[in-house]
Amino acid sequence: MKLIYVGFKFAHHGEYSGYDQIKKYLKYDEEINIKVHNIKKLKINIFKKIIDYLLYKRYWVNELTLILKIIFDKNANIYHIIYGENIYKYIGIFKKRNIIIATFHQPPEYFKYRANIIFKKNIKYIDKIIVMSKDMETYFHSKYPNKKIKYIPHGIDTNYFKPFGEKDNDILMVGNWLRDFEFAAKVFKYLENENINILVVTNKENNKYFADNKNLILYNNITDNALLKLYQKTKIVFLPLIDYTANNALLEGLATGCDIIIATNCKKIESESPVKYVDLNLKRAIAIIKNTLHEWKTDNIIKNYNYVKEKYSWEKIADITKDFIEN
């Protein structure tokens, strides 16, 4: 059976970020690269809702194409759908002798409260499921006790994301999805009179949260190389998160030698991780940032890089994924 990659790259992911990187390290026999197709705007809202419910507005053409391929292909294949929440909806119903493997990236709360009902109903047709966190693994085992489910972390290119040069007294925030921007703005407002450079990389529509922040530099549409340099000169990557599973910024920050501080009410990293946690409490968040800067050691740079390289390099993650697919 051929192993077929089914996926795409999110627009906000650079050349070296995102789960689609796996195809560089795991040998696929064929690739189906998804394209976005937007349905023309409909004037009647009820029609919009019906189409949104029955079809993924941006990916329905791709799923239909994939279903037709499965129906008319005489050979049975293994399809690895790398973004299950975005691509998968009806494929499993038509799978015949084919094997469907899907990787899911969203936290359990997404599947409990936000996921489309048709999508959730048809998960039962998937043969194997890869998840991005241990709490996801627990959740899926509770829903599908007889299904093969495995937690395999997100990977990172440790040949690209690596330390270089000296670090400045910088705090860097990166990302858009499930970020608590209101909390971040409060933290940065308190720190604006300190001898700290505050840098934020995000989409332009999120700039509004930092309108009242002084001594803060916003970066939109940043290049891969510019982002890498920000990581490399930064001491702390600060991530205020509403929820999360895999997190590119977390891995990229560690790989470039940054100390990571996550402000969240849902701790999900292994106990031996060098990541520091604080709940969404303003005073405690500010205190841990100040203490980390005060106690910062250059030894952390190599320590953090080696930790990520040992546990999360794409070479390692691809091998684990390949073993799960084949066995």
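So is Asn220 farther than 20 Å from Asn306 by Cβ and in contact with a Ser or Thr (Cβ under 9 Å, 6 or more places away or on another chain) or not?
yes
With the requirement that a residue be part of a loop (DSSP other than H, G, I, E, B), over 14 Å from Ala11 (Cβ atoms) and hydrophobic (A, V, I, L, M, F, W, C), what does the stretch 202-226 give you?
Selection gives Ala211 alone.
Has the stretch 261-276 got at least one residue that is modelled with pLDDT of 95 or more and over 20 Å from the mean Cα position of the chain (by Cα)?
Taking every residue of the stretch 261-276 in turn, none turns out to be modelled with pLDDT of 95 or more and over 20 Å from the mean Cα position of the chain (by Cα).
Given Lys112, Lys120, Lys147, Lys124, which one is within 21 Å of the chain's Cα centre (by Cα) and over 16 Å from Asp243 (Cα atoms)?
Lys120
Conditions tested, residue by residue: (1) outside the structural domain of Pro240 (by TED's automatic domain parsing); (2) surrounded by fewer than 16 Cβ atoms within 10 Å (Cβ to Cβ); (3) closer than 26 Å to His294 by Cβ.
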{"site": "Phe164", "(1), (2), (3)": "yes, yes, yes"}
{"site": "Asn176", "(1), (2), (3)": "no, yes, no"}
{"site": "Asp180", "(1), (2), (3)": "no, no, yes"}
{"site": "Asn193", "(1), (2), (3)": "no, yes, yes"}
{"site": "Asn197", "(1), (2), (3)": "no, no, yes"}
{"site": "Lys204", "(1), (2), (3)": "no, yes, no"}
{"site": "Ala211", "(1), (2), (3)": "no, yes, no"}
{"site": "Asn221", "(1), (2), (3)": "no, yes, no"}
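Looking at Pro274 and the list (1) assigned to a loop (DSSP other than H, G, I, E, B); (2) farther than 23 Å from Met136 by Cα, which single condition is not satisfied?
Every listed condition holds for Pro274 apart from (2).
Table: residues versus (1) surrounded by fewer than 20 Cβ atoms within 10 Å (Cβ to Cβ); (2) in a loop (DSSP other than H, G, I, E, B).
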site	(1), (2)
Thr103	no, no
Lys112	yes, no
Thr138	yes, no
Lys150	yes, no
Asn159	yes, yes
Asp168	yes, yes
Leu172	no, no
Val200	no, no
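Within the stretch 182-194, which residues are touching a helix residue (DSSP H, G or I) at 6+ places or on another chain (Cβ under 9 Å) and within 20 Å of Lys167 (Cα to Cα)?
Result: Phe188, Leu191, Glu194.
Of all residues in the stretch 11-52, count the ones that are surrounded by 12 or more Cβ atoms within 10 Å (Cβ to Cβ) and modelled with pLDDT under 70.
8
The values are calculated or read from the model by the stated rules, or taken from the named source; none is laboratory data. None of these values were measured; they are calculated from a predicted model. Methodologically, a virtual Cβ is constructed for each residue, glycine included, from the backbone with ideal geometry; neighbour enumeration extends over all protein chains shown.
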